[in-house]
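Since the structure comes first, as structure tokens, the remarks are kept for the end.
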Amino acid sequence: MISLRANIEEYKTPGLVKIDFRLKTLILLFLLSFPFTGSSQSRQELEQQRVQLQKEIKQINTLLFQSQKKEKTLLSDLSDLVQRIGVRTKLINTINEETNQLTIEIKENERQVKMLEERLEFLKKDYANMVVKSYKSKTKNSRLMFLLSSESFLQAYKRLEYLKQYAAYRERQGEEIKVETVKLQNLTDYLVETRNEKEDLIAINLREKDSISEEKKSQEGLVRSVKKKEKKYIAQINKKQKEEREIDAKVQKLIAEAIAKSKKESNVKSSGFALTPEAVALEKDFISNKGKLPSPVERGVIVRRYGKQRHPTLKGITIESNGVFYATEKDANARVIFDGKVLAIQVLPGKKKAILVQHGNYISVYKNLDNVTVQKGDLVSTKQQLGKIHTDKSTGKTILAFVLFKEIHRQNPEEWVYKN
């Protein structure tokens, strides 16, 4: 801000009007003209993550905890509890990070409030001094004498310009005081808002810690119960893993036979299917949507991820997952992740079914269906319902097993499906 306060005596001799730039004040005004955003983006991301984790906990409570706490569901109950504890732990960590970001932001805002208050005090004093000086020299005669006492026409002109600048500067100072007052009030209000937000987060954090403490007590009890019959549960897991491997081997064989048939009919040599131009274009679209494909269930949580992984509750036990397992609501339908053609419908043990949908050389597989609403050869479109997902009577869970192949080679579905 340019200051025109000057000793009138300085203008008795020709020369430029002296101007004090007050560099520090300029820098302060420049900085305060921008809202504090040092960590706003990071805090926004943390807030979104917190909301998503809270949503996931609600879905876990709704979709997983359906069993009657019977002996045969203890392992399943324990897995559900471990998953919820894991998500809740992530939530607590996220809240802690978000609270820390708010603390930093509050401290920065408090510093800016102090700077604004000092700036405003300076402006008010400066303005008051100008008002006093203007009052002392307010008569027309004094101003006229100031001009007439000039030693030359050039000096008189400069003094006239000085009076004009001084009056304009005083007016600007008055307006600036108003602006700075509003800016200070806005920043103070925002500071109160962030403090209240921080208090709310602390309250949520305390509730989550109480919940996780109770859940860990339940976990300890379930672990003791599972330990008593650990060999039995390990045998069940191994049996289930063997069944899954056999089913996947049949799916791979079915795909291989379909590839061989397509090449034989078209007399084309290739590593995959003999594709029409339309099928080639479809596959290209499928690939271009990698990471953006919709989930095979409208609403659900992942209860088992792709690949080799430690069992969530039994130490030393490794399971291999050829796909992603989604828990969803009862009577939910599986839906196709992209446009394609129904390659086959396979009958699984227990009269459950699997649907294979071809997208060029990619095949998406939807297992554990009670009934299907499509037939082999049908053209299907993105998110079209394929059939109702089976609900286990013992656990009360509705689980869809989703597998993805490129020709006969398994893919990680999580790299293709959009993560909510």
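What order do you get for 351-364, 223-236, 97-110 when each peptide is scored by the mean count of other beta carbon atoms within 10 Å, highest first?
Highest mean packing first, the order is 351-364, 97-110, 223-236.
Can you spot the aspartates and glutamates whose alpha carbon is less than 18 Å from K351's alpha carbon? Ignore those fewer than 8 places along the same chain.
Candidates past the 8-residue exclusion: E243, E244, E246, D248, D331, D370, D392.
To the nearest Å, what is the center-to-center distance of the stretch 176-217 and the stretch 89-122, using C-alpha atoms only?
10 Å
Can you tell me which aspartates and glutamates have their Cα less than 16 Å from the Cα of K242? Leave out same-chain residues fewer than eight positions away.
Partners within reach: E320.
Ordering I337, I247 by how much accessible area each has at a 1.4 Å probe, largest first, what is the list?
Highest to lowest solvent-accessible surface, that is I247, I337.
Each label point is 7 Å from the Cα along the Cα-to-Cβ direction; what then is the distance between the points at K90 and D370, in nm?
3.0 nm
Average projected area of the Cα convex hull of the stretch 204-247, in nm²?
With every direction weighted equally, the projected area is 4.7 nm².
In the structure displayed, which of K58/K90; K58/K393; K239/K308; K284/K406; K269/K290 lie more than 18 Å apart, Cα to Cα?
K58/K393; K269/K290
Just subtract the alpha-carbon distance of K351 and E117 from 0.36 nm times their residue separation and send over the number in nm, one decimal.
Taking K351 through E117 to full extension adds about 76.6 nm, to one decimal.
Run the reach check for K229 against aspartates and glutamates, Cα to Cα strictly under 12 Å, same-chain hits fewer than 8 apart removed. What comes back?
Filter leaves E71.
Once phi is turned into θ = phi - 60°, what whole-Hz ³J(HN,Hα) does the Karplus curve with 6.51, -1.76 and 1.60 give for every residue of the stretch 49-62, x standing for Gly and Pro?
5, 4, 4, 5, 5, 5, 5, 5, 5, 4, 5, 4, 4, 7
Grab the Cα-Cα distance for E407 and N186, subtract it from 0.36 nm times how many residues apart they are, and report the gain in nm with one decimal.
Working it through step by step, the gained length comes to 73.5 nm.
The values are calculated or read from the model by the stated rules, or taken from the named source; none is laboratory data. Remember, it's a predicted structure, so these values are computed and weren't measured experimentally. Positions of Cβ are generated from backbone atoms using ideal geometry, with glycine treated the same way; all protein chains shown enter the neighbour counts. Note: areas computed on protein heavy atoms with side chains; ligands, DNA, RNA excluded. Shrake-Rupley method; radii C 1.70, N 1.55, O 1.52, S 1.80 Å.
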